[in-house]
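The values are calculated or read from the model by the stated rules, or taken from the named source; none is laboratory data. Treat the numbers as computed from the prediction; the structure is a model and nothing was measured. Don't worry about glycine lacking a Cβ; one is built from the backbone with ideal geometry, like all the others, and counts go over all protein chains shown.
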Amino acid sequence: MLRNKVHDLNVTLRRLSTWWNQRAKARWHVEGDTNSRLFHNFASERRNGNQINQIKYEFNKLHDEDDQIEKLFTQFFEKKWKYKQCEPTGWLLVSENQKTTDEEMALLNEDFSVNELQNKAPGIDGVTSSFYKSYWSIVWETLWSAVNYFFKSSHMTKEWKDTLIVFISKVKYPLIPSN
C-alpha cells in the first residue's frame, strides 16, 4: 500500500516537473525573441555568466582589467603549449598485437577522399557540417580542389591556419585560467 503511494507520488512529481519544463519552454518560445523583460533578464544572465571579470594568477594576485586578463591568459596558454623536446627512450615496449598492421597502415596512407571532406567540423568562419550537407552540390568542387591541393602540395593559405579558441568554463565563475 505504502509502496503504491510512493510510486504514485513519484509519477506525479515527474509529471509536474515535465509540465513546468514545457511551460517554461513554451513561454520562452512566445516571449524569448520579443523585447520583453524576460528576454533581457535571460540575455543579461547569460552574458554575465559567460564573462570573465577577474582572474587570479601567480601569487594569488587578483587582476580585473581586460588587458591584464588577456595578457595573463596568453601567458598561461603559451606556457602550457610551449614546445617540449620529446625523447623516444624509456617508452613502454609495444607488443606485436598492439602494433599497427600493414592493412591499417595502407588505410592511413590512402589519399584523402571527398567523403571524408563532407564530415568537416566548423572552423573559424563558423561554417558547419550542416551547411556543407545542405549546399554540397554547389560548394563541393571548389572545396575539394582547395583541400586536395593542400594534400598534394603541402602548402596552406595563411587564413586556413587561423585558430579560434573558445573558453568553456569548468566552473560557474572561473577565477583562475585553468578553470
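Odds and ends about this structure:
- Some residue of region 31-42 being of a type in the set (A, V, I, L, M), at pLDDT 80 or above and more than 21 Å from Pro177 (Cα to Cα): no
- Every residue from region 156-175 that is under 19 Å from Gln54 (Cβ atoms) and more than 18 Å from the chain's Cα centre (by Cα): Tyr173, Leu175
- Counting the residues of region 88-111 that are over 19 Å from Lys152 (Cα atoms) and in contact (Cβ under 8 Å) with a residue 40 or more places away in the chain gives 0.
- Pair list, Cβ under 6 Å, 6 or more apart: region 158-170 residue at pLDDT 75 or above, other residue among the basic types (Lys, Arg) and not in a loop (DSSP other than H, G, I, E, B): none
Yes/no matrix, rows are residues, columns are (1) over 30 Å from Lys61 (Cβ atoms); (2) part of a helix (DSSP H, G or I); (3) not aliphatic (A, V, I, L, M):
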| position | (1), (2), (3) |
| --- | --- |
| Tyr83 | no, no, yes |
| Leu107 | yes, yes, no |
| Tyr132 | yes, yes, yes |
| Glu141 | yes, yes, yes |
| Phe150 | yes, yes, yes |
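- Residue within region 48-58 that is under 30 Å from Phe167 (Cβ atoms), among the small types (Gly, Ala, Ser) and at pLDDT below 80 present: yes
- Lys158 meets each of the listed conditions (1) within 30 Å of Tyr57 (Cβ to Cβ); (2) out of contact with any helix residue (DSSP H, G or I) (no Cβ under 8 Å at 6 or more places or on another chain) apart from (1).
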